[in-house]
1. Taking loop as defined by DSSP and a crowding limit of 15 other beta carbons within 10 Å, which GluC sites (Glu not before Pro) in the stretch 215-318 fit?
2. Show the residues, 5+ positions off or on another chain, whose built amide H is closer than 5 Å to the amide H of residue 189.
3. Could you calculate the contour length gain from residue 117 to residue 287, that is, 0.36 nm times the residue separation minus the distance between their Cα atoms, to one decimal place in nm?
4. If contacts are Cα pairs under 8 angstrom and at least 6 residues apart, what is the relative contact order of the chain in percent?
5. Report the calculated FRET efficiency for residue 395 and residue 76 (r = Cβ-Cβ distance, R0 = 35 Å), to the nearest 0.05.
6. Want the number for residue 334 to residue 309: 0.36 nm per residue separation, take away the alpha-carbon distance, what's left?
7. How big is the equivalent ellipsoid of the stretch 152-197 along its three axes, where each semi-axis is √(5λ) from the Cα gyration tensor, reported in whole Å from largest to smallest?
8. Thinking of the stretch 202-273 as a set of Cα atoms, what percent of all their pairs are more than 19 Å apart?
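The values are calculated or read from the model by the stated rules, or taken from the named source; none is laboratory data. This structure is a prediction, so every number in the text was calculated from the model and none was measured. Reconstructed Cβ throughout: ideal geometry from the backbone, glycine too, with neighbour counts over all protein chains shown. SASA here: full protein model, heavy atoms, side chains in, ligands and nucleic acids out. Shrake-Rupley method; radii C 1.70, N 1.55, O 1.52, S 1.80 Å.
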Amino acid sequence: MSVARAVQTALQTPASARQNLRIASALANELEARLPALVQTATQEGGFPVKVTRREVTHGINNLRNLEQEIDRLPASFASWGKTAAIVAYDASAVVFSRLAGAAILTNTPVSFGFSSHIPRTADLIQSACVAATPSLRVSENRNNKEFAQGALDDPEVRYFFFSGAKALGESYKHQREQFDKLVFGGPGGLPPAIVMPDAPLDVAINYIAHRSFVNGGQYCMCVKRVLIHKSVYDQVLNGVLDQVKTIVVGDPSDERTDIGPVTVSRTRTGFVDAIQKDLRSARQIIGKVDGEMLYPHVLEMPYDQVPDISPFGPLLIASPFDDAADMVQSLTKSEFGLTAAVFGSLPQPQMEILRANYGAVWHNTKLHLLSPNHTALGGRKTSGWSQQRTSQGWTERSGPYLHSQAMAKTE
């Protein structure tokens, strides 16, 4: 067993972080040079539509090129935690990588990245970009994330560990926290809700829900999975969502018109089908079908107080009418998940405060964003995300939104 030890690193300031922007720009340029290859590779090994991956990589590039937006949010004086290990999942890998890499560059943190075994060639391309831009970032050749994590546990120099996955995975590493000085966990999303009130801007709400639910086949943890609609506008909103969902193209991922490609990860398909056939068997299915690796958008209808507390990955939206906003919001607090929620219209202030206490991000009357905005504090509550760090007073835990650059800045 490795023994935790303090790592002495040089003190830094926002001014010193600013000097590192050129490294971030260099990495952005290297990723941009590999953009066509990254798009083609993601189509081949993950079934991701070309326009989805292009959007993700471009989003990541823009994040790296605009890191100055985070500098003033860094502590006045900070240090690096030391050597860091970070696991990158197969979905939105370029976005997750760019946010972690950008934070590492600003805080002078050396990071070793472990990429999912489902995207080995994507990992190779990102590794070549790192080699060309900076020696402080590297992608491990080990494409088995379980083995990569074990390597981090066994390496006494690794002091900071970022990982994501199911609740059980988070609990497993939490029990081994003595191997590190800080752990940051991105947990499952559950069924992120969108709430539509009678005075909501309906066009904005309908567009957001229809596309935020099914972007990349629902394979983002922040995809909307539930929509709770006031009964006075229920039919109008549901029909509007269905009209837009019917225009979503499922098919060949190399076709620019395609919105959802094949789901190539078998456990994702199995989990999705099990959720539909078992957990949600009492729901009324309005649309949806499964054809081999093709998972078409599923829209189900179910009373809000009967929706199970599950976290499936895939193209799913559960619609529920409500009359009593207070009772509806209270039912949401019973979930063990708390990643993100969206509200359209005027939800009473007490209920908004309850939502903010239970979800890491609460978007209000927000126009559609297919990817969460860069330089925005994100992170779940409850089992949807937490961090633990060693302090002079012992271990502390927090949950809720954060910037990776702030999390990587050690202040004691």
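1. 256, 293
2. The answer is none.
3. On the way: separation 170, 0.36 × 170 = 61.20 nm, distance 3.26 nm.
Using 0.36 nm per residue and subtracting the Cα-Cα distance, I get 57.9 nm.
4. Reported relative contact order: 19 percent.
5. 0.90
6. Extra length available between residue 334 and residue 309 comes to 8.1 nm.
7. They are 30, 10, 7 Å, listed from largest to smallest.
8. The share of Cα pairs beyond 19 Å in the stretch 202-273 comes to 41 percent.
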